[in-house]
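The values are calculated or read from the model by the stated rules, or taken from the named source; none is laboratory data. This structure is a prediction, so every number in the text was calculated from the model and none was measured. Here the Cβ positions follow ideal geometry from the backbone for every residue, glycine too, while neighbour counts run over all protein chains shown. Just the protein is used for accessible areas: all its heavy atoms, side chains included, with ligands, DNA and RNA removed. Shrake-Rupley method; radii C 1.70, N 1.55, O 1.52, S 1.80 Å.
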Amino acid sequence: EAGVTQFPSHSVIEKGQTVTLRCDPISGHDNLYWYRRVMGKEIKFLLHFVKESKQDESGMPNNRFLAERTGGTYSTLKVQPAELEDSGVYFCASSQGMAGNTIYFGEGSWLTVV
Amino acid sequence: GEDVEQSLFLSVREGDSSVINCTYTDSSSTYLYWYKQEPGAGLQLLTYIFSNMDMKQDQRLTVLLNKKDKHLSLRIADTQTGDSAIYFCAENPGFQKLVFGTGTRLLVSP
């Protein structure tokens, strides 16, 4: 069974440009999460989807970030326009069912904004 | 508030035991987790423990939970060079999101 897959694995963009990150959760997982780790800091929660609905988006840093999960399958996270401080690793994760179930992470999308 | 703290760095020799410590703040966390991140790789779930347990053992890994002190530890027996990685402690305060520590970088020397 495929795990959580993310694309692209690495991206280098200029300040002001747009980047779209994609996440495919484990098949059948209703819960999809986005997290990020900026350089040297802890991994921070961004938001949580249940199927196609945003359950919790309290961690989204500002309105330059837009997450979607149309159809309740894969999700995209768009950063527009990107700023230098957006550089870091963006992790996607998924889980099945209710709170407490094991949350599986992808390998991350490493974003560098120059 | 939610806060998870870990020491930043641990260095051991191959064959020794490693103990990585973590303190958390939210007593309502149902589960506590240890994740491992190898260089250039994603987050791998190592193990987790229910909050009503004191200890969990899984091969070379032993997790100890002191709920009164909100202290979690991960012991790796017979540490190998392949165990070199960043280890993240995380709590699940029941809101379907994980709160991570800053990670402990474990360096295993031959």
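Taking the criterion of being touching a strand residue (DSSP E or B) at 6+ places or on another chain (Cβ under 7 Å) and open to solvent by less than 60 Å² (accessible area, probe 1.4 Å), the residues of the stretch B:31-47 that qualify are B:TYR31, B:LEU32, B:TYR33, B:TRP34, B:TYR35, B:LYS36, B:GLN37, B:GLY42, B:LEU43, B:LEU45, B:LEU46, B:THR47.
Could you tell me whether the stretch B:63-74 includes any residue that is open to solvent by 60 Å² or more (accessible area, probe 1.4 Å), within 8 Å of chain A (Cβ to nearest Cβ) and not β-branched (Val, Ile, Thr)? For the stretch B:63-74, residues open to solvent by 60 Å² or more (accessible area, probe 1.4 Å), within 8 Å of chain A (Cβ to nearest Cβ) and not β-branched (Val, Ile, Thr): absent. Scan the stretch B:76-110 for residues that are of a type in the set (Val, Ile, Thr) and within 14 Å of chain A (Cβ to nearest Cβ) and the total you get is 4. Candidates B:ASP69, B:ASP54, B:ASP83: the one that is among the acidic types (Asp, Glu) and closer than 15 Å to B:LEU10 by Cα is B:ASP83.
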